[in-house]
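Report on the following structure.
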Amino acid sequence: MNYPIPDSPQEIVALRQKPIDEELVAAAIAGVIKIVRSQGQSLEELTTQLLADDSLLDIQQRRWLSQVVTQAWENFS
């Protein structure tokens, strides 16, 4: 992977400066999972946050992202 897994929210924000590709998205997802776990949050809590209504993604996109994050979470276990 060309990008290290971020260890902090600041490192995830810094990824915005990089060109978007599959590896960048994978690194961002892995970083979010790593940070959420280090804060003692569960997959269910993260999923709830992902499915919360926002102006960036529609409900179908949020569901898809939730499924991707769930698969990644389980693969990191």
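Counting the residues of the stretch 1-15 that are of a type in the set (Val, Ile, Thr) and part of a helix (DSSP H, G or I) gives 2. Within the stretch 43-58, residues that are under 15 Å from Ile29 (Cβ atoms) and in contact (Cβ under 8 Å) with a residue 12 or more places away in the chain have Cβ atoms under 7 Å from residues that are among the basic types (Lys, Arg) and open to solvent by less than 100 Å² (accessible area, probe 1.4 Å) in these pairs: Leu50/Arg62, counting only partners at least 6 apart in sequence or on another chain. If you scan the stretch 31-50, which residues turn out to be open to solvent by less than 40 Å² (accessible area, probe 1.4 Å), modelled with pLDDT of 95 or more and aliphatic (A, V, I, L, M)? Answer for the stretch 31-50, where residues must be open to solvent by less than 40 Å² (accessible area, probe 1.4 Å), modelled with pLDDT of 95 or more and aliphatic (A, V, I, L, M): Ile33, Ile35, Val36, Leu43, Leu46. Return a yes/no flag: does the stretch 16-23 have any residue that is in a helix (DSSP H, G or I), open to solvent by 90 Å² or more (accessible area, probe 1.4 Å), acidic (Asp, Glu) and free of Cβ contacts under 8 Å to residues at least 12 places away in the same chain. Yes: the stretch 16-23 contains one or more residues that are in a helix (DSSP H, G or I), open to solvent by 90 Å² or more (accessible area, probe 1.4 Å), acidic (Asp, Glu) and free of Cβ contacts under 8 Å to residues at least 12 places away in the same chain. Looking at this structure, is Val69 part of a helix (DSSP H, G or I), in contact (Cβ under 8 Å) with a residue 40 or more places away in the chain and open to solvent by less than 40 Å² (accessible area, probe 1.4 Å)? Yes: the conditions hold for Val69.
Would a scan of the stretch 51-61 turn up a residue that is under 12 Å from the mean Cα position of the chain (by Cα) and open to solvent by less than 80 Å² (accessible area, probe 1.4 Å)? Scanning the stretch 51-61, I find no residue that is under 12 Å from the mean Cα position of the chain (by Cα) and open to solvent by less than 80 Å² (accessible area, probe 1.4 Å), so the answer is no. Within the stretch 25-38, identify whether any single residue is in a helix (DSSP H, G or I), without any contact (Cβ under 8 Å) to a residue 40 or more places away in the chain and over 22 Å from Gln10 (Cβ atoms), and answer yes or no. No, the stretch 25-38 has no match at all.
The values are calculated or read from the model by the stated rules, or taken from the named source; none is laboratory data. None of these values were measured; they are calculated from a predicted model. As a convention, Cβ positions derive from the backbone with ideal geometry for all residues, glycine included, and neighbour counts pool all protein chains shown. Calculation scope for accessible area: heavy atoms of the full protein, side chains included, ligands and nucleic acids excluded. Shrake-Rupley method; radii C 1.70, N 1.55, O 1.52, S 1.80 Å.
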